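The structure is given below, and queries will be raised subsequently.
Just so it is clear, none of the values below were taken in a lab; they were calculated from the coordinates. Just so it is clear, the model here is predicted, and its values are computed rather than measured. Counting neighbours? That spans all protein chains shown, and the Cβs are built from the backbone with ideal geometry, glycine included.
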Amino acid sequence: MSAPLRVGVVGVGHLGRHHARLLSTMPGVTLVGVVDQSEARAQEIAAAASTIAFTDPRALDGQVDAVTVAVPTEAHLDVALGFIERGVHVLVEKPLARTVEEADRLVNAAATRGVTLAVGHTERFNPAIDAARALLRGPRFIEAHRLGTFPERSLDIDVVFDLMIHDLDIVLSIVGEPTVSVEAVGVPVLTPRIDIANVRLRFAGGCIANLTASRISRDRIRKIRFFQPQAYLSVDYAAQEIEHWTLGPPEAGSPRPSILGGKVEVAKDEPLRRELEDFVGAVRERRAPGVTGEAGREALRLAAVIIERMQHGQR
């Protein structure tokens, strides 16, 4: 494709406004328009991105090659499926859908129509995660903490689908094995849905992952740590920083091994920009995106299993 890729953004709230900001300045892309049910918000974001505002996604019919969908999760299926069935490439923000069944409908429809379906698991495009992957050698224990203050958004879904799903996707992509056991606990503290959750995953090869997510914490923390033979790796998602420590040969006169390492250099960048560039590249090059619909579906499936375990434990 030599002509600019015509893209629209559906939903320009907390995250979608950043989709519009980045796509409006991306080489080889024409931001055709933005859509939001709030006309005032659509007008505001359209003016900032030098494009046109709409309140109905169908207004983009015939005008776009691809869209990004950043509406509330409950509307993902209806909005994304409509575009897919009309042959438009789609990036859907995480979680892919409300249920695994809805995710399957999106994945199957994209396969049938031969269009790209990408899922917005932004941490996959975090430069610190890219740098960490090169240093991982079969981790045996993984620990993640994703804590945030009480939000004004995403209260229609449990914290597992809102926050923990980021780390579920990262862990699944790194371990690359099926889970054989899931232990989980979740508590609805400030809302009727789960606000704080902890899960312990055991994978077929023996790796164990312990993940905590909260949207009722005083501090904001986004960290993941990996423990593997003779090495320890800590990633701060937000700061895009890595610490890597390994065992070295004993120092002169000492029977104990030395400890080597420290901070690892990371070329910092905006993960969302990298995610959108990958989506545009996948459409142009007719290749799979960095996070496929199938990968988004698998993270959603595991999140659903975790919620089921929590509900079972509460009976």
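What Kirkwood hydrodynamic radius, in Å, does the range 272-314 give when the mean of 1/r is taken over all pairs of distinct Cα atoms and then inverted?
Across the range 272-314, the inverse of the average 1/r is 12.2 Å.
Same structure, new question: Contact order normalised by length for the range 47-93, with contacts defined as Cα pairs under 8 Å and 6 or more residues apart; what percent is it?
40
Here's another thing I want to ask about it. Please give the contour-minus-distance gain from ALA238 to PHE150: 0.36 nm per residue of separation, less the Cα-Cα distance, rounded to one decimal in nm.
29.9 nm
With loop defined by DSSP as not H, G, I, E or B, and exposure as at most 12 other Cβ atoms within 10 Å, which is the longest segment of the chain clear of exposed GluC sites (Glu not before Pro)?
Maximal segment without exposed cleavage sites: 1-151.
For GLN230 and VAL189 in the same chain, what is the full-extension length gain: residue separation times 0.36 nm, less their Cα-Cα distance, in nm?
Fully extending the segment from GLN230 to VAL189 adds 10.8 nm.
Something else now. Can you tell me which aspartates and glutamates have their Cα less than 18 Å from the Cα of LYS268? Leave out same-chain residues fewer than eight positions away.
Within reach: GLU123, ASP130, ASP236, GLU241, GLU243, GLU277, ASP278.
Restricting to Cα pairs below 8 Å that are 6+ residues apart, what does the relative contact order work out to for the range 77-128? Please round to a whole percent.
Dividing the mean separation by the residue count of the range 77-128 yields 44 percent.
Considering the dipole of the range 95-164 built from charges on the beta carbon (Lys and Arg +1, Asp and Glu -1) around the Cα centre, which of ALA128, ALA144, VAL115 is farthest to its positive end?
ALA128
Something else now. Given the options VAL182, ALA231, PRO4, identify the residue whose Cα lies farthest towards the positive end of the charge dipole of the chain (+1 on Cβ of Lys, Arg; -1 on Cβ of Asp, Glu).
Farthest towards the positive end: ALA231.
Just THR30, THR55, THR191 to compare: in a GNM of the chain, with alpha carbon springs under 10 Å, which one fluctuates most?
THR191
What list of whole percents do you get for P(r) of the range 164-208, with Cα-Cα distances grouped in 5 Å bins up to the one holding the largest distance?
The percentages, shortest bin first, are 5, 20, 25, 22, 13, 9, 5, 1.
Using only the alpha-carbon atoms, what does the range 36-106 span along each of its principal axes? Please give whole angstrom values in decreasing order.
Between the extreme Cα coordinates on each principal axis of the range 36-106 lie 37, 23, 16 Å.
Which value, in debye to the nearest 20, describes the size of the charge dipole of the chain about its Cα centre when Lys and Arg Cβ atoms bear +1, Asp and Glu Cβ atoms bear -1, and nothing else is charged?
That gives the chain a dipole magnitude of about 540 debye.
Is there a quick way to get the dipole size of the range 7-91? I mean about its Cα centre, with the Cβ of Lys and Arg at +1 and of Asp and Glu at -1; what is the value in debye to the nearest 20?
260
A follow-up question, please. Estimate the FRET efficiency between ASN210 and ASP78 by the formula 1/(1 + (r/R0)^6), using the beta-carbon distance for r and 30 Å for R0, to the nearest 0.05.
0.25
How long are the semi-axes of the equivalent ellipsoid of the range 129-181, defined as square roots of 5 times the Cα gyration tensor eigenvalues? Whole Å, largest first.
26, 14, 9
Still on this structure, please answer the following. Taking every pair of distinct Cα atoms and averaging 1/r, then inverting, what Kirkwood hydrodynamic radius in Å comes out for the range 98-213?
16.0
Could you compute Rg(Cα) / (2.2 N^0.38 Å) for the range 1-43, with N its residue count?
Computed over Cα atoms of the range 1-43, the ratio equals 1.18.
Please work out the ratio of the alpha-carbon Rg of the range 1-151 to 2.2 N^0.38 Å and round it to two decimals.
1.14
Per DSSP H run of at least 4 residues, take -39500 (n - 2.57); add these up for the chain, divide by its residues and hand me the 222 nm value, nearest 500 deg cm²/dmol.
Dividing the helical sum by the residues of the chain leaves -9500 deg cm²/dmol.
Given springs between every Cα pair under 10 Å in a Gaussian network model of the chain, which of ILE142, ILE224, ILE174 has the largest fluctuation?
ILE174
Let me ask something additional. With N residues in the range 230-309, what two-decimal value do you get for its Cα radius of gyration over 2.2 N^0.38 Å?
1.72
Take the chain, connect every pair of alpha-carbon atoms lying under 10 Å apart with a spring to form a Gaussian network, then pick out the residue of HIS76, HIS121, HIS18 with the largest mean-square fluctuation.
HIS18
Once you compute Rg and the Kirkwood Rh from C-alpha atoms, what is the Rg to Rh ratio for the chain?
Ratio of gyration radius to Kirkwood radius: 1.01.
Grab the beta carbon distance between SER181 and ARG86, set R0 = 41 Å, and tell me the FRET efficiency rounded to 0.05.
Efficiency, rounded to the nearest 0.05: 0.45.
Okay, moving on. On a 0 to 90° scale, report how tilted helix 100-113 is relative to the longest principal axis of the chain, with both axes built from alpha carbons and the result rounded to the nearest 10.
60
Evaluated at 37 °C with a viscosity of 0.692 mPa s, what Stokes-Einstein diffusion coefficient in µm²/s does the range 156-268 have when Rh comes from the Kirkwood expression over alpha-carbon pairs?
So the translational diffusion coefficient is about 200 µm²/s.
Kindly express, to the nearest 10 degrees and within the range 0 to 90, the angle between helix 293-314's C-alpha long axis and the longest C-alpha principal axis of the chain.
60
List the trypsin sites (Lys or Arg not before Pro) within the range 96-145 that DSSP assigns to loop and that have no more than 11 neighbouring Cβ atoms inside 10 Å.
ARG137
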